[in-house]
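Engineer: Have a look at the structure that comes next, please.
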Amino acid sequence: MKIGRFSKLLSGLLLLATIVGFCTSQSSLAQTPQSEYFKQTGHRVEGEFLDYFYKRGGLAIFGYPITERFVDQGITVQYFQKARMELHPENPEPYRVQLGLLAEELKYRQPPVPEPQPRSRRKLYFPETGHTVSYAFLDFFKANGGIDIFGYPITEMFFEDGQIVQYFQRLKVQWQPNDPATTVVVGNLGEVYLRFYSNRMPAWALQPVSESDDSVIVQPTMTPEISGIRAVVSLRYSVMSKKRNQTVSVLVTDNSGAPCPNARVRISFVETPSNTMLAGSEVTLSTDKQGFAQASIPVNGGRSGAQIVVRATVTCAGLTTTAQNVFLLWW
């Protein structure tokens, strides 16, 4: 009898736990917003950007939104106090949303340094950029997404305006010794970027919106005529050794920001300052329906320490433009 009553009681408890778990799960799903208005800055975050915001660190990593989302050179973007989010629908999950390389674009990169000796578990050297992340900064880096969120370090720790800081490709971190609860925080790199380059952004995206405005505005209405094309060259490695392949990505859009499919893209690697083309580097591609083309190209030759310019000559709808990017060749 006792065993029978215990079995029934256990079954009842398991059923109750299942029901409570289901209700909690449904409640959690129901509470996940698709759009959220931040009255602190008067901007709204929606869809995949909002999902990324909550899953990857929230206010501590990104800060408040400081623009609406808009299309910039064919990519949907939104600026936050500390970062820029970019939507790359051509990428698989979980890489559809990525952070922009704000510190690189603001030219904070410093020359590489040798790996510190002796080696230590409290220091991690990144040969990709030639810089080290150490101590509290390393703990913070590992605890908050690592390379996927921060990118590679592009400086060592140094003093800036009386604070110890370090720049990564996507974010800036700074040390607050007087606040034991949050010794390391993310700096407001997005705000710095807007101070320099807000004139490149549509004025409507910078203006606060009403909390009651639920409309989704990605870009203003533009004329459909193609009077110009633009190209952006992205590289997988900013510093790399010889006898490896560099991954080159090219995005081609028209003057309205719409993708240019079937554009002809000719890529070449040129060593500077000698202006010598690297052997086997010239490749011709065609863009897909998103205006995107990518190739893995071998790096043959070149001097250690030389800058290699990646040049892309693009032709679309009878129009031609050029774009370029640079990486450093290292042993």
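The values are calculated or read from the model by the stated rules, or taken from the named source; none is laboratory data. These numbers come from a predicted model, not from an experiment. Reconstructed Cβ throughout: ideal geometry from the backbone, glycine too, with neighbour counts over all protein chains shown.
Engineer: Are any of the residues in region 171-180 more than 27 Å from P111 (Cβ to Cβ) and either at pLDDT 90 or above or surrounded by 12 or more Cβ atoms within 10 Å (Cβ to Cβ) (or both)? I'd like the intermediate steps shown before the answer.
Structural biologist: Narrowing region 171-180 to residues more than 27 Å from P111 (Cβ to Cβ): 176-180.
Filter once more, so that each one left must be either at pLDDT 90 or above or surrounded by 12 or more Cβ atoms within 10 Å (Cβ to Cβ) (or both): 176.
There is at least one residue in region 171-180 that is more than 27 Å from P111 (Cβ to Cβ) and either at pLDDT 90 or above or surrounded by 12 or more Cβ atoms within 10 Å (Cβ to Cβ) (or both).
Engineer: I've got another one for you. Just to verify a result, which residue in region 289-316, among those that are surrounded by 15 or more Cβ atoms within 10 Å (Cβ to Cβ) and in a loop (DSSP other than H, G, I, E, B), is modelled with the highest pLDDT?
Structural biologist: Checking each candidate, the answer is V299.
Engineer: Scan region 193-205 and report the pairs whose first residue is in contact (Cβ under 8 Å) with a residue 24 or more places away in the chain and not assigned by TED's automatic domain parsing to the domain that holds R44 and whose second residue is surrounded by 15 or more Cβ atoms within 10 Å (Cβ to Cβ) and of a type outside the set (A, V, I, L, M, F, W, C), with Cβ atoms within less than 9 Å and a gap of 6+ or a chain change.
Structural biologist: Qualifying pairs under 9 Å: none.
Table: residues versus (1) modelled with pLDDT of 95 or more; (2) in contact with a strand residue (DSSP E or B) (Cβ under 8 Å, 6 or more places away or on another chain); (3) over 30 Å from T253 (Cβ atoms).
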position	(1), (2), (3)
L9	no, no, yes
T32	no, no, yes
H43	yes, yes, no
Y52	yes, yes, no
Y64	yes, yes, no
E68	yes, yes, no
V71	no, yes, no
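Engineer: When you scan region 231-245, how many residues do you find that are surrounded by fewer than 20 Cβ atoms within 10 Å (Cβ to Cβ) and more than 16 Å from G305 (Cα to Cα)?
Structural biologist: Residues meeting the conditions: 5.
Engineer: Another one. Taking the criterion of being closer than 26 Å to F327 by Cβ, among the aliphatic types (A, V, I, L, M), under 17 Å from the mean Cα position of the chain (by Cα) and not in a loop (DSSP other than H, G, I, E, B), would at least one residue in region 130-147 satisfy it? Before the answer, list the steps.
Structural biologist: Quick first cut of region 130-147, residues closer than 26 Å to F327 by Cβ only: 130-134, 137-138, 141, 145-147.
If we keep only those that are among the aliphatic types (A, V, I, L, M) too, we end up with 133, 138, 147.
Filter once more, keeping what is under 17 Å from the mean Cα position of the chain (by Cα): 147.
If we keep only those that are not in a loop (DSSP other than H, G, I, E, B) too, we end up with 147.
Yes, there is a match, as at least one residue in region 130-147 is closer than 26 Å to F327 by Cβ, among the aliphatic types (A, V, I, L, M), under 17 Å from the mean Cα position of the chain (by Cα) and not in a loop (DSSP other than H, G, I, E, B).
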